[in-house]
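Participant: The structure's right below; bear with me while I get my questions together.
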Amino acid sequence: MSAVKICDSTAEAVDGIADGSTVLIGGFGLAGMPVQLIDALIEQGATDLTVVSNNAGNGDTGLAALLAKGRVRKVICSFPRQSDSWVFDGLFRAGKIELEVVPQGNLAERMRAAGAGIGAFYCPTAVGTPLAEGKETREIDGRTYVLEYPIKGDVALIGAHRSDRMGNLVYRKTARNFGPVMATAGRQVIAQVSEVVDTGVLDPEVIVTPSIYVDRVVAV
Amino acid sequence: MSAVKICDSTAEAVDGIADGSTVLIGGFGLAGMPVQLIDALIEQGATDLTVVSNNAGNGDTGLAALLAKGRVRKVICSFPRQSDSWVFDGLFRAGKIELEVVPQGNLAERMRAAGAGIGAFYCPTAVGTPLAEGKETREIDGRTYVLEYPIKGDVALIGAHRSDRMGNLVYRKTARNFGPVMATAGRQVIAQVSEVVDTGVLDPEVIVTPSIYVDRVVAV
Amino acid sequence: MSLNKHEMAALVARDIEAGSFVNLGIGQPTLVADHLPADAGIVLHTENGMLNMGPAAVGEQIDPDLINAGKVPVTELPGSAYFHHADSFAMMRGGHLDVCVLGAFQVSARGDLANWHTGEPDAIPAVGGAMDLAVGAKSVYVMMTLFAKDGTPKLVPECTYPLTGLGCVNRVYTDLATFAITAGGVVVRETFGISFDELSSRLAVPLREAE
Amino acid sequence: MSLNKHEMAALVARDIEAGSFVNLGIGQPTLVADHLPADAGIVLHTENGMLNMGPAAVGEQIDPDLINAGKVPVTELPGSAYFHHADSFAMMRGGHLDVCVLGAFQVSARGDLANWHTGEPDAIPAVGGAMDLAVGAKSVYVMMTLFAKDGTPKLVPECTYPLTGLGCVNRVYTDLATFAITAGGVVVRETFGISFDELSSRLAVPLREAE
């Protein structure tokens, strides 16, 4: 039942993603960005999405193209504003998209909490800043913390380097970034990889995302 | 200032551990157990220690020998009672040692929180059981959680497989267990390894404990 | 005829779907591994930090760095992976395991589990990963004899031993019957050498027959 | 003579002890790397998941999978290590980095930092890792010009821009002076082309001379 599905196409990989889903999208810059899965999601047509990703799209491709099609209701990210984030900027200024800005480490930690069954956690980041406004705080051992809640995904789209036929994943260099965390936080995890290798080829010591977290894999 | 010290002896590695320290001791069974560092700690003489480890010593060697010398005031562990834990059993029944029993996953997660700067976290484990008695609880999204606090160490003694000259560590198989977590939670981290290799020999993709966490290394 | 522990293990194994990720608790639950079909792609987790654990190691296979949660030397299978304790228990607590199989002193009609402490005043408490397992897996299966050596039932209205987890048990496999713990009560799925009526008379828990 | 950004970077580098683990923020702080002695064993962290980052990649070194927090292609040095975002920010939040160097819009006399948002009503907020860095490192060094382009001071009694972190800044390196933020107030460590008295007259923050 939990066994990974090695897909023949990105269309097969994203099949069934429902309207209204929360979609975690990996990558930092282009490193680890599951570009082909995003393209397939655009084709697939799911809409009213909440997207969780570090940025809010660059240029006119990938996540920006998904936004431009009006498929995204809300973005949860750490850094939407970039020199080439004109698609997001336009939608935001027109009031056509919601934004929740989360410090980058809190974004990662809140997804980690979702994947790890943690109900909430006290975090020192953002204390005393506008991003902690309205949030519960607590002093512990003389330091003030903000209570932060998990971010779960219905789906996670991630980019990895290689997968074996069981769905064990390894990454390359800083392309690792959000992939392993999102893989734990997504109910359904879909990975695009450069290569699918036979099971047993990857050294068990170096697997970063164990197969238990991965539902579908497609080589691109 | 933070650079790792490659020690010539286990005595040098444990030099300066203070009376009253909280000492995190890695290993699960003998796998990953820093046996030679514990022996050196016995020689070194620090006393009134709080020991955090999965078990409370086996037979008459290692941690059990440290306990037998009367150096340990309190043990925080998940599973003290084993077929060969007679040293701990005797001290406990004689009222000569304090015990805090912590579910195994909470032991790991509380140290992880200490290393990750998390002030406290809501955990579903042990809700409704004697181990949650007296602890604060909270309902989040219809589920009850117990508030758990970090466990920090003054010192962590861990066993790893190889270190490079910067202190990057890799482990072997299930001997990885508590080592990487304790390395983040100890103020001073001391690792015994089978081999110290030149910096650059370990693949940057496979390093489990980065050098930033490691203070002293000794090959045994 | 009542079942022996191997037959109970076989029944548990029968109910584990192909492709499941499974943790087998220390003791009798480890016997379940012997009955899992080799081609079902069932992956075993051991909470000390490994997925796709293989059978017990023998002879030269024994490696002190490769043990299971019971500290027994084991082997790795192709596609196994190692991880540290915080990651391993995050995997459990996060609900990623499909099934865990545990022994028990008592299970209550609501699915409360008592399997870590007999409650004797001079017992030294030791919990290990029992509470983490109870709370984490999508389904918790208990494997135990239905009656203790002194004849008292282990499936009870309320646990009298200290609890391991609240309302966490989904199924109970015993030598005399298998049970499903449901929102509507305890359902007897099948019996072995005992009638439903006799079973009902010997347990203080209200039972329903499977449809 | 006031300092240019390279001279400021050199001053910051001078104050980083050998063997330190350091995060250099996006923008001018990255210039500090050019002034770190090669033999000091200083290890650079980039919050997108790497320790012992090397210089910017050029030509064939460029690898799209190897970038820094500013998304600039970089290189690896012997002894580097990769990790995911949760581990990387745990490393920061847990207080394991010795120093981080950040730019700023404003720093208050108490060490409050404002460097993520100008507070303009139509600005789209974007924080990235700024708040995580501010709260995590053992020492936070700020590198900035002392006065904004409109002549207003950036070292202020109270920040008027939205805060990044409370009381987190330890030292401030500017074109005209370097400052230590201490429990006893703001200490001027050295000045460049300006007297202590003139500096005091141009800032609304009470200053003390270093002893």
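The values are calculated or read from the model by the stated rules, or taken from the named source; none is laboratory data. All values reported here derive from a predicted model rather than from experimental measurement. Cβ atoms come from the backbone with ideal geometry, glycine included; neighbour counts cover every protein chain shown.
Participant: Filter segment C:62-107 down to residues that are small (Gly, Ala, Ser) and assigned to a loop (DSSP other than H, G, I, E, B) and give me whichever is nearest to C:PRO29 (Cα to Cα).
Facilitator: C:GLY103
Participant: Give the residues of segment C:52-75 that are under 22 Å from C:GLY103 (Cβ atoms) and either loosely packed, with under 14 Cβ neighbours inside 10 Å or among the aromatic types (Phe, Trp, Tyr) (or both), sorted by residue number.
Facilitator: C:PRO55
Participant: Name every residue in segment C:7-54 that is at pLDDT below 95 and aliphatic (A, V, I, L, M), in order of residue number.
Facilitator: Passing the criteria: C:ILE26, C:ALA38, C:ALA40.
Participant: May I pose another question? What do you reckon, is A:MET166 within 14 Å of chain C (Cβ to nearest Cβ), among the aliphatic types (A, V, I, L, M), in contact with a helix residue (DSSP H, G or I) (Cβ under 7 Å, 6 or more places away or on another chain) and closer than 21 Å to A:ILE76 by Cα?
Facilitator: Criteria not met by A:MET166.
Participant: Hey, any hits in segment A:136-148 for a residue that's at the interface with chain D (Cβ under 9 Å from one of its Cβ atoms) and either surrounded by 24 or more Cβ atoms within 10 Å (Cβ to Cβ) or in a loop (DSSP other than H, G, I, E, B) (or both)?
Facilitator: no
Participant: Does segment D:134-141 contain any residue that is surrounded by fewer than 19 Cβ atoms within 10 Å (Cβ to Cβ), under 18 Å from D:THR46 (Cα atoms), within 14 Å of another protein chain (Cβ to nearest Cβ) and not β-branched (Val, Ile, Thr)?
Facilitator: Checking segment D:134-141: at least one residue is surrounded by fewer than 19 Cβ atoms within 10 Å (Cβ to Cβ), under 18 Å from D:THR46 (Cα atoms), within 14 Å of another protein chain (Cβ to nearest Cβ) and not β-branched (Val, Ile, Thr).
Participant: Going through segment D:118-163 one residue at a time, which ones are touching a residue at least 40 places away in the same chain (Cβ under 8 Å) and of a type in the set (Val, Ile, Thr)?
Facilitator: D:THR118, D:VAL135, D:VAL140, D:VAL142, D:VAL156, D:THR160
Participant: While we're here: Can you go through D:MET50, D:MET91 and tell me which one is within 20 Å of B:VAL206 (Cβ to Cβ) and more than 7 Å from chain A (Cβ to nearest Cβ)?
Facilitator: D:MET91
Participant: Can you pull out every residue in segment C:164-189 that is touching a residue at least 24 places away in the same chain (Cβ under 8 Å) and among the hydrophobic types (A, V, I, L, M, F, W, C)?
Facilitator: Listed by number, the residues that qualify are C:LEU166, C:CYS168, C:VAL169, C:VAL172, C:LEU176, C:ALA177, C:PHE179, C:ALA180, C:ILE181, C:VAL186.
Participant: Those residues that are within 14 Å of another protein chain (Cβ to nearest Cβ) and either crowded, with 24+ Cβ neighbours inside 10 Å or more than 24 Å from A:ALA126 (Cα to Cα) (or both), I need them from segment D:151-180; list them, please.
Facilitator: D:LEU163, D:THR164, D:GLY165, D:CYS168, D:VAL169 - these are the residues of segment D:151-180 that are within 14 Å of another protein chain (Cβ to nearest Cβ) and either crowded, with 24+ Cβ neighbours inside 10 Å or more than 24 Å from A:ALA126 (Cα to Cα) (or both).
Participant: Still on this structure, I have one more. Would you be able to say whether some residue in segment A:110-132 is over 21 Å from B:PRO204 (Cβ atoms), surrounded by 24 or more Cβ atoms within 10 Å (Cβ to Cβ) and of a type in the set (Lys, Arg)?
Facilitator: Yes, segment A:110-132 contains a residue that is over 21 Å from B:PRO204 (Cβ atoms), surrounded by 24 or more Cβ atoms within 10 Å (Cβ to Cβ) and of a type in the set (Lys, Arg).
Participant: If you don't mind, there's one more thing I want to ask. Residue under question is A:MET1, and the condition is that it be hydrophobic (A, V, I, L, M, F, W, C) and at pLDDT below 95; does it hold?
Facilitator: It is true that A:MET1 is hydrophobic (A, V, I, L, M, F, W, C) and at pLDDT below 95.
Participant: Of the residues in segment B:11-39, how many are closer than 18 Å to B:ASP154 by Cβ and buried (at least 24 other Cβ atoms within 10 Å of the Cβ)?
Facilitator: So the count comes out to 9.
Participant: Among (1) more than 29 Å from D:VAL74 (Cβ to Cβ); (2) assigned to a loop (DSSP other than H, G, I, E, B), there is one condition A:ASP154 misses while meeting the rest; what is its number?
Facilitator: (2)
Participant: Right, next: Name every residue in segment B:93-102 that is closer than 15 Å to C:VAL127 by Cβ and hydrophobic (A, V, I, L, M, F, W, C), in order of residue number.
Facilitator: B:LEU99, B:VAL101, B:VAL102
Participant: Have a look at B:THR174, B:THR199, B:THR184 and point out the one that is over 27 Å from B:ALA120 (Cβ atoms), within 9 Å of chain D (Cβ to nearest Cβ) and among the polar types (S, T, N, Q).
Facilitator: Being over 27 Å from B:ALA120 (Cβ atoms), within 9 Å of chain D (Cβ to nearest Cβ) and among the polar types (S, T, N, Q) holds for just one of B:THR174, B:THR199, B:THR184, which is B:THR199.
Participant: Please state which of the following conditions A:VAL189 fails to meet, knowing it meets all the rest: (1) within 14 Å of chain C (Cβ to nearest Cβ); (2) surrounded by 23 or more Cβ atoms within 10 Å (Cβ to Cβ); (3) free of Cβ contacts under 8 Å to residues at least 60 places away in the same chain; (4) closer than 21 Å to D:GLU47 by Cα.
Facilitator: Every listed condition holds for A:VAL189 apart from (4).
Participant: Is there a residue being more than 14 Å from chain B (Cβ to nearest Cβ), touching a Lys or Arg at 6+ places or on another chain (Cβ under 6 Å), crowded, with 19+ Cβ neighbours inside 10 Å and in a helix (DSSP H, G or I) anywhere in segment D:9-28?
Facilitator: So far as segment D:9-28 goes, yes, one or more of its residues are more than 14 Å from chain B (Cβ to nearest Cβ), touching a Lys or Arg at 6+ places or on another chain (Cβ under 6 Å), crowded, with 19+ Cβ neighbours inside 10 Å and in a helix (DSSP H, G or I).
Participant: In addition: Being crowded, with 24+ Cβ neighbours inside 10 Å and either under 16 Å from B:VAL206 (Cβ atoms) or more than 10 Å from chain C (Cβ to nearest Cβ) (or both) is the filter here; which residues of segment B:149-163 pass it?
Facilitator: Matches in segment B:149-163: B:ILE151, B:GLY153, B:VAL155, B:ALA156, B:LEU157, B:ILE158, B:ALA160, B:SER163.
Participant: Moving to a separate point now. Among the residues of segment A:1-10, which ones are in a loop (DSSP other than H, G, I, E, B) and either surrounded by 15 or more Cβ atoms within 10 Å (Cβ to Cβ) or away from chain C (no Cβ under 14 Å) (or both)?
Facilitator: A:SER2, A:ALA3, A:VAL4, A:ASP8, A:SER9
Participant: So for segment C:101-108 (the condition being modelled with pLDDT of 95 or more, over 26 Å from A:VAL201 (Cα atoms) and within 12 Å of another protein chain (Cβ to nearest Cβ)), does at least one residue qualify?
Facilitator: The answer is yes, given that some residue of segment C:101-108 is modelled with pLDDT of 95 or more, over 26 Å from A:VAL201 (Cα atoms) and within 12 Å of another protein chain (Cβ to nearest Cβ).
Participant: Within segment C:95-114, can you find the residues that are more than 14 Å from the chain's Cα centre (by Cα) and buried (at least 21 other Cβ atoms within 10 Å of the Cβ)?
Facilitator: Listed by number, the residues that qualify are C:HIS96, C:SER108.
Participant: Continuing with the same structure: Which of the residues spanning segment A:151-186 are closer than 24 Å to C:MET92 by Cβ and over 13 Å from the mean Cα position of the chain (by Cα)?
Facilitator: A:SER163, A:ASP164, A:MET166, A:GLY167, A:ASN168, A:LEU169, A:VAL170, A:TYR171
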